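Only one structure is covered here, and it is reproduced in the block below.
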Amino acid sequence: MATSFSALPIISLSALLEPNHSSAALAELSSQLDKTFSTTGFAYLVDLPLSHNHDDIFGLCEDFFINSKYPDDEKRKLAKQTFFKENKNTYRGYFPPQPGSDNLKEGFEIGPSSALPKFTYKSSAKLNLTEGNVWPSDASFRQRCESLYDQLQTLASSLLSLLAVALGKDATFFDSYLSHSISTLRLLHYPAASRTSSQKIICTPHTDSGILTLLHQDPTGGLEVLNSSGEWIAAPYVPGSVVVNIGDLMARVSNGRYVATTHRVRATTEGAIAKKRFSVPFFFEPGPACVVRSIAGNDAGVVYGEHVLEKMSGWVEFQPVSEPAPVIQQTPELIAVN
């Protein structure tokens with residue numbers, strides 16, 4: 001359970017920007033992360049070792065979802081087979097808004113650019129976790145997404161090394177998790193025109209199911225984190241930051257030392273008008289064959305691929321719709337981002 005915090009801590013990653021990585025600075029950063037994940041489970045990271053700024057990242061969202069650069073028929077070609085049976089991709093690609101859902105959003109997601117060995121499922125899975133990415137025709141969009149993905153994967157790897165040390169393990173403890181990693185970069189759009197002023201929550205309370213999440217959120221805000229007193233604490237946009245939190249599996253790996261904290265997203269309005277929202281989460285994921293278990297050695301562990309497939313059965317973006325919702329056209333003056 002998270003503690004009774006009233007705000008998320010801010011952690012500088014300046015130690016990762018130093019050419020020679022001072023051992024003292026890295027030890028201090030490891031201690032800060034350890035304390036944060038043992039208490040709030042969430043933090044802002046600043047002084048990021050990334051070449052992409054927020055304008056770059058949310059420019060990807062604007063291009064894909066708003067600027068009519070990719071018309072409906074092109075998005076349809078990128079959509080998962082769940083929504084358009086003629087398509088071959090089952091896991092990566094586009095998903096449309098889900099009518100009737102409290103978690104109404106559309107998204108585009110990618111995995112690693114390199115080919116991965118096929119994962120053999122125990123169950124009759126309809127999703128292929130190691131399939132390749134699908135892309136729109138714009139080569140620049142692909143290059144920008146792949147560059148961002150690679151940098152966030154590298155950042156996640158650095159954070160995991162620091163957490164390994166904090167947990168009393170060698171810095172290389174999580175290297176096996178990096179082998180054939182199927183991490184996901186997801187561009188998300190919560191359309192303004194799809195909501196009414198009475199809809200208060202646009203992403204329902206949940207914990208993340210995996211290891212580590214890195215989130216770019218836009219200035220619209222709305223993210224809230226639940227503390228141990230049952231209070232929802234606002235986590236507003238902080239310029240130049242990434243929000244980090246751990247998931248259920250990392251809590252398990254730490255033998256309960258780290259907390260997977262419940263969070264949600266509240267709708268943001270301007271007057272009576274709901275505002276659109278972008279967010280770009282990066283979910284660090286091990287390889288599908290990786291066995292994830294507690295550092296205490298007191299459990300049999302779970303095979304990550306089987307774990308995530310079971311979790312997906314309840315995720316709204318993997319639920320089929322009989323008539324996929326059209327891409328929502330919006331009036332610029334009603335959806336301007338601060």
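The values are calculated or read from the model by the stated rules, or taken from the named source; none is laboratory data. A quick note: this is a predicted structure, and the numbers were derived from the prediction, not measured. Reconstructed Cβ throughout: ideal geometry from the backbone, glycine too, with neighbour counts over all protein chains shown.
Exactly one residue out of Lys80, Lys69 is more than 22 Å from the chain's Cα centre (by Cα) and either of a type in the set (Lys, Arg) or under 16 Å from Val242 (Cα atoms) (or both): that is Lys69.
Here Ser30 clears all of (1) over 25 Å from Asp150 (Cα atoms); (2) in contact (Cβ under 8 Å) with a residue 60 or more places away in the chain except the condition numbered (1). Comparison of Ser183, Ser161, Ser198, Ser194 shows that the only residue that is surrounded by 14 or more Cβ atoms within 10 Å (Cβ to Cβ) and at pLDDT below 95 is Ser194. For the stretch 60-71, does any single residue satisfy the condition of being over 22 Å from Ala234 (Cα atoms) and among the aliphatic types (A, V, I, L, M)? Looking for residues that are over 22 Å from Ala234 (Cα atoms) and among the aliphatic types (A, V, I, L, M), one finds at least one in the stretch 60-71, hence yes. Residues that are under 18 Å from the mean Cα position of the chain (by Cα), in a loop (DSSP other than H, G, I, E, B), at pLDDT 95 or above and not β-branched (Val, Ile, Thr) are absent from the stretch 290-312.
Checking each residue in the stretch 108-131 for being at pLDDT below 95 and surrounded by 14 or more Cβ atoms within 10 Å (Cβ to Cβ) picks out Leu116, Phe119, Tyr121, Ala125, Leu127, Asn128, Leu129, Thr130, Glu131. Scanning the stretch 200-224 for residues that are within 27 Å of Glu310 (Cβ to Cβ), of a type in the set (Val, Ile, Thr) and either in contact with a Gly (Cβ under 8 Å, 6 or more places away or on another chain) or outside any strand (DSSP E or B) (or both) yields a count of 4.
The numbered conditions (1) touching a strand residue (DSSP E or B) at 6+ places or on another chain (Cβ under 9 Å); (2) assigned to a loop (DSSP other than H, G, I, E, B); (3) not hydroxyl-bearing (Ser, Thr, Tyr) are all true for Gly132 except (1).
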